[in-house]
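Q: Below you'll find the structure I mean.
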Amino acid sequence: MLQYCLNELYRERSEDGVLRFEIYRQLGGIEGAVGVRAEQVVSTMTTAQMDALPHVLSLLVNVGEDQSAVTSRRSAFNMLRTEEERELVRVMIEARLFVSELSGDVPSFGVAHEALLRRWPRVADWIERHRNALQIRMRLEGQATRWQESSRSRDLLLPRGSQINQASELLSLRDFALTPLAAEYVRASISRARFGERIRLGVTVLIALLAILAGILGITARSAQRDAEQKRADAEGLLTFMLGDFVEKLRPLGRLELLDNVAGKAMAYLAQPTTENASAGAIAQRAKALHVIYEINSKRAKLQEGADALQVARQLLRPAIAANPADEALVRQLAVNSFMLGQFHMERGQLDKAEKYIEEYVGFADKYAAVAPDNIDSWIEQSYAHNNLGSIAMKLLDYSRAAAEFQRALDLKLKIRKLRPNDQSLSVDLSNSYSWLAETHLKTGDLKGAMALYHQEESLLRPVHEGNALWTYRLVLSLMRQSNLSQALGNASEALTTVRQAEGFLDRIVGQDPSNRSWLARLYQTRMRQIELQSPKPSTAAELALLTDLRNKLSALADQDPKNSNLQYLLAKAKQTLASAMMRASKNDDAMHTINDAIAGLDQLKEGKSNDPIFVTMYSELLLARADMRAERKNGDDNSSDCRLAAQLLDQQKQSKGDFTILALQVRAYTCQGQQDNVRPQIAALETMGFRDPKYLQHISTHPPKKGMQ
């Protein structure tokens with residue numbers, strides 16, 4: 001651009017060789033020259049090549065949705081459709097108006113300077129005509145990316161209405177490009193909307209027809225009341241059956257929201273009193289339909305409507321079960337009703353009410369097994385009931401009770417496995433029970449018992465995970481837990497070997513889906529862990545570069561999903577690991593800046609997190625790391641405030657009695673203040689459970705108990 005401007009000024013110079021300002025002004029300055037140059041280049045092209053310009057421009061221009069700022073974008077060469085488009089781009093590159101480059105190993109092109117978009121009248125006019133379409137496209141591409149990153153969740157597709165209408169217009173717009181992902185996203189949204197319309201229309205018509213049928217039967221059969229009531233009951237049974245049938249078909253597809261509009265109408269009909277001669281089967285079917293309505297409403301965040309459906313179902317089932325105590329369908333629906341009410345209250349933190357309903361769920365599940373002793377579904381219901389009771393006990397910090405409930409659930413699954421030895425899904429379900437049971441052992445200080453259970457979990461997952469990325473990720477999490485536990489037991493080499501295995505599995509599944517943020521974050525975590533587990537030594541430049549790169553990658557992931565606490569915690573851990581490496585490389589100021597940045601990041605999440613053990617342990621660990629750095633700098637920095645704050649946070653944790661992570665941090669928090677006598681019980685507890693983390697032992701050795709202390 002500058003070269004062209006200078007060439008034109010030189011060509012139009014005065015007779016005595018002086019460059020003239022009026023010529024510079026006519027060119028529009030340096031930026032204006034590029035528009036003149038571009039118009040000269042395209043004027044030499046064929047008509048077919050000129051006709052290709054709008055589509056090429058659509059590949060190169062972005063317009064922000066909020067500020068309407070016009071910016072350039074890069075596009076892959078394979079987005080060009082015709083030979084004329086490719087020739088146009090080639091000529092523009094040769095004229096240095098476009099540039100070509102590799103973008104992530106993909107050959108791409110773009111404008112050489114954004115001034116081309118502002119100062120070339122032909123382009124500026126095109127942008128103004130298509131400004132709205134460009135804004136919509138930019139929004140669509142962001143939504144399509146989130147859809148892809150969320151494993152193409154149907155919940156992220158465009159809602160019916162203006163958004164789908166606008167997106168549909170983009171698809172039909174001549175010479176306007178959408179990325180393949182955005183186009184696929186729009187088509188999937190359109191398909192979902194059309195399918196939803198058909199479902200809504202079909203169900204609405206069905207309900208209307210059945211309601212009319214019931215009404216007609218009631219009117220025409222007044223002279224034969226008994227027959228009319230029977231026919232009405234049959235109509236109701238058909239209604240509930242059809243609604244349940246729709247849901248059974250839509251649930252595996254994750255499409256229950258398609259029934260949102262009809263749920264209210266069905267609720268009004270199903271809430272009517274039953275006839276005196278309604279059969280147990282009809283009542284069970286009606287209750288099942290009401291449970292479906294709860295499921296639909298809960299998915300759409302209509303909490304009160306969902307709770308109302310559960311209570312109506314309960315009022316139907318209770319008198320029916322009293323009259324038919326051995327009816328399998330009624331008992332099962334009462335079990336489901338109790339489970340759903342328990343979940344409803346558990347999600348709202350109302351543990352006392354949740355516990356009441358889940359205990360009732362256990363009772364009905366047991367009764368279901370009693371009336372159907374050979375039905376494997378009844379055993380599965382029992383196992384789920386005890387697992388739910390264990391989850392509540394965990395939240396109530398009653399770990400011995402939780403362990404007993406998880407063990408009951410595990411025993412039932414083992415019983416089922418004898419009949420279904422080749423059921424891979426059951427193996428994964430079993431592995432989950434072992435993991436929960438291991439968690440109770442950890443909370444009570446039985447580290448070796450927890451490790452044995454994690455090995456059981458691993459042994460179930462290894463033979464079945466191939467070909468299923470989600471199951472492979474479950475295996476990765478098991479290996480990561482084992483690595484942490486090996487370190488706690490003092491076996492750093494085993495911890496390192498295990499985390500390397502986890503990295504290998506993660507490499508494989510991330511290769512299958514590189515957009516999955518959770519998998520990427522875990523992959524970066526395994527690489528950090530390997531550096532952490534190496535014996536302390538001065539950090540190399542290569543190690544610092546690797547940790548800096550991991551920190552930056554995790555920061556990018558956290559920026560994409562700022563509400564994801566797990567990503568924020570992993571980012572804080574990455575900064576801590578980098579700061580520690582900087583200290584070993586004698587980069588003390590850089591280390592202090594990095595650890596301060598990590599603490600500041602978690603400060604933004606601090607509100608309401610005082611009882612969150614994950615936040616408290618991470619935040620306390622950062623404070624104690626900064627305290628250690630201040631002590632090591634030996635320049636008069638006071639580290640006691642960090643130690644005191646960490647101690648205060650840790651002392652508030654009710655579950656600290658058997659949690660080795662909190663106990664070890666409490667020891668560090670008090671010993672760094674010279675108050676070893678305050679944590680003698682914690683030190684004794686850690687010794688009893690066999691806690692031998694090398695870093696903890698090193699800290700204890702440098703902060704020995706004072707002489708004469710008992």
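Readers should treat all values here as calculations from the given coordinates under stated rules, not as data from a laboratory. From a predicted model like this one, the values you see are computed outputs, not experimental measurements. For neighbour counting, all protein chains shown are included, and Cβ atoms are generated from backbone atoms with ideal geometry for every residue, glycine included.
Q: Computed over the Cα atoms of region 432-550, what is the convex hull's projected area averaged over all directions, in nm²? Could you put the intermediate results ahead of the total?
A: On the way: hull surface 31.9 nm².
The Cα convex hull of region 432-550, projected and averaged over all directions, gives 8.0 nm².
Q: Going 7 Å from the Cα of Leu397 in the Cα-to-Cβ direction, what parts of region 436-476 have a backbone nitrogen less than 15 Å from that spot?
A: Once the point is set 7 Å along Cα→Cβ of Leu397, 443-445 turn out to lie under 15 Å by backbone N, inside region 436-476.
Q: In the structure displayed, which of Lys395/Lys657; Lys353/Lys413; Lys302/Lys606; Lys573/Lys606 lie more than 18 Å apart, Cα to Cα?
A: From Lys395/Lys657; Lys353/Lys413; Lys302/Lys606; Lys573/Lys606, over 18 Å: Lys353/Lys413; Lys302/Lys606.
Q: How do 544-557, 506-519 rank on mean C-beta neighbours within 10 Å, highest first?
A: 544-557, 506-519
Q: Under a Cβ-Cβ cut-off of 15 Å, what is the net charge of the residues other than Asn564 that fall near it, where Lys and Arg count +1 and Asp and Glu count -1? Show your work: numbers first, answer last.
A: On the way: positive: Arg146, Arg517, Arg522, Lys553, Lys563, Lys573, Lys609; negative: Glu149, Asp559, Asp561, Asp612.
Net charge around Asn564: +3.
Q: How many nm is it between the label spots at Phe195 and Ser586, if each spot is 7 Å from the Cα in line with the beta carbon?
A: It is 6.5 nm.
Q: While we're on this one: If you stretched the chain out fully between Val205 and Arg462, how much longer would it get, using 0.36 nm times the residue separation minus the C-alpha to C-alpha distance?
A: 87.5 nm
Q: Using the Karplus curve 6.51 cos²θ - 1.76 cosθ + 1.60 with θ = phi - 60°, what ³J(HN,Hα) values do you get for each residue of region 562-577, in whole Hz, with x for Gly and Pro?
A: x, 8, 7, 4, 4, 5, 5, 5, 5, 5, 4, 5, 5, 5, 5, 4
Q: Another question, then. Output ³J(HN,Hα) for region 441-453: one whole-Hz value per residue in order, computed from phi by the Karplus curve 6.51 cos²θ - 1.76 cosθ + 1.60 with θ = phi - 60°, and x for Gly and Pro.
A: Values, residue by residue: 5, 4, 5, 9, x, 8, 5, 5, x, 5, 4, 4, 6 Hz.
Q: Can I ask one more? Suppose each label sits 7 Å from its Cα in the direction of the beta carbon; what would the Ser168-Ser151 distance come out to in nanometres?
A: 3.1
Q: How large is the Kirkwood hydrodynamic radius of region 33-115, in angstrom, based on all distinct alpha carbon pairs?
A: It works out to 13.3 Å.
Q: Let me ask something additional. Starting from 0.36 nm per residue, how many nanometres of slack lie between Leu303 and Asp597 once their C-alpha separation is accounted for?
A: Computed gain between Leu303 and Asp597 is 101.8 nm.
Q: With no solvent and one point on each alpha carbon, what is the Debye value of log10 I(q)/I(0) for region 579-649 at q = 0.17 Å⁻¹?
A: Log10 of I(q)/I(0), two decimals: -0.61.
Q: With charges set only on the Cβ (+1 for Lys and Arg, -1 for Asp and Glu), what does the dipole of region 606-702 come to about its Cα centre, in debye to the nearest 20?
A: Working: 13 positive and 13 negative charges, 7 e Å.
Magnitude of the dipole: close to 40 debye.
Q: So, one more: In region 510-630, with Lys and Arg counted as +1 and Asp and Glu as -1 at Cβ, which of these residues, Leu523, Leu533, Pro562, has the Cα nearest the positive end of the dipole, that is, farthest along it?
A: My answer, from the dipole projection, is Leu533.
Q: Residue-wise, which Karplus ³J(HN,Hα) couplings in Hz belong to region 79-86, taking 6.51 cos²θ - 1.76 cosθ + 1.60, θ = phi - 60°, and x for glycine or proline?
A: 7, 6, 9, 10, 5, 5, 5, 5
Q: With 21 Å as the cut-off, how large is the P(r) tail for region 606-702, expressed as percent of Cα-Cα pairs?
A: Across region 606-702, Cα pairs with separations above 21 Å total 29 percent.
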